[in-house]
Structures are given as C-alpha cells and as structure tokens.
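Here's the structure, in structure tokens; my notes come after.
Values in this text are rule-based calculations from the coordinates and carry no lab data. Predicted, not measured: the structure shown is a model, and the values here were computed from it. Virtual Cβ from ideal backbone geometry, glycine too; neighbours counted across all protein chains shown.
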Amino acid sequence: MTTEVRRRMSVEERREQLIAVALDLFSHRPPDTVSIDDIAMAAGISRPLVYRYFTCKKSLYEIALRRAADELTALFEEPVEGPPVARLLRVLRRFLDFVEGYAPGYAALLRGGPATAGAGAAVSLIDGVRGAAYARLLEHLGVREPTPRLELTLRSWISLVETTALLWLDGRGVPRPELEAQLAHALMALVAVGAAHDEDTAAVLARVLADEPADGPVAALAVRLSCAGRPLPSCPAR
C-alpha cells in the first residue's frame, strides 16, 4: 500500500492558487456575489486559512482584478508588421475572447465596479488598461504625437469598443466575426470623420488605406473612405 503525501504549498503558491480560484469564480459570477466561503470551498481549504493570506475579500479582489488587468493589457501586444487593420482585428479577437471568458466580472467592472473593490481601485485599473490600449493603437497607426482631434477620435473608439462589448454580451445577437469587422470599420469611419477636419488625421487615414490589400478587412469600405480627402463628385454612387 502506498500513501500519497500532499505537498504543503508555500505562502506564495497558496496566494497564487487563491487568486486563480477567485478569477475563475469571477468569470462565472459577478464578483459581488462571490463570498470568501465560495473561494475557500473552491480552493479546498477552510475560510480561516483564506484570511491568513488575504485580510478581506476586498484585498483579494483588488489583487485578482490587477492580475486580470495585466492579462488584458498583455493581449494588446502585437508585432508592428503587415497591414494595420489586420493587426487591429487580431487584437480585437483576443479582446473579445477575454470579454467572453470573464463576462460577468467584465460586465460588473465596466458598469461601475464591484462595491467590494472600492471605486478608486477599479477606476484606476480600468484607466490603466485604456491607456495601454491607446498607446498600442498609436503605435500601430504610426503616430508619435497625435493632434487633439486624433486623440479624441481614438479614445472615443476605445470607449465604443467597451460599450459595444457590454451590449453584445447581453444577447450575442451579432456573430463574433461580424462584430469584429464592424468595430474595425467603426474605427476607420471615425478616423475618416476626423480627417475631414484635421490634416494630420487625414494623413493617418491615407497611410492606413494605402497599406490595405485589395482583399483586406476593410477593402469594401476603403473606396468610400478614400473619398474623405476628395471632392464629393469623385466618390462612387451611393
């Protein structure tokens, strides 16, 4: 007969386990509905043992939230190679994978943040993710010093993506591939509107469209968007 000896976890290993368990539970339920007892049961330990590693649920939630924010920020990394819109679509796919995987927690966070975390911690982390998304977007558009109008356009699009993802989660009525294409088209449309008022934005639009292959993601839209800098008569008939 052999006796299985369970190796005792180190402090760091146990903390990592509890963070992972909390994130898994938050991916299935809104964080405010998850108790310390739920986390202890899922981890296979007692409630008092959880408190040896985290002083309260708020402490555990904030650390788990920071871990999720870091994971989401890492998804924005994409080699600056190839057509910009194709790169953007790859990032959008990873983002929507994340949104679907953490649907209840993501929705609760974006709709105001769980009371257990405190508004300050949630808002700070969300702003950090938005800032990372904005920085990566500038990088892929080849922009170092955006004009105020371009900054407004890009940050507005990031907000649009967040809001659209929340609405989509409620029913998922639009197939994922169509949603991804719509969001990519929305960025090009917003930049086109900005291009009508700002030469630097118009230059960004022209550069992106010049890099778009004939069979690229916005090829059908590109002909119309390319009219942004031309007289109206040169546009194709509607």
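Observations on the model:
- Theoretical gain in end-to-end length, residue 139 to residue 35 [0.36 nm per residue, Cα-Cα removed]: 33.3 nm
- Measuring nothing but how far apart in sequence close Cα pairs (under 8 Å, 6+ apart) lie, relative to its length, the stretch 21-82 scores a relative contact order of 31 percent.
- Extending 7 Å from Cα along the Cβ direction at residue 16 and again at residue 176 yields two label points whose distance is 2.8 nm.
- Using a Förster distance of 25 Å, the FRET efficiency for residue 27-residue 155 (Cβ separation, nearest 0.05): 0.35
- With both labels modelled 7 Å from their Cα along Cα-to-Cβ, the residue 51 to residue 199 distance reads 6.7 nm.
- Inter-label distance, nm, simple model (7 Å from Cα along the C-beta direction), residue 219/residue 124: 4.8
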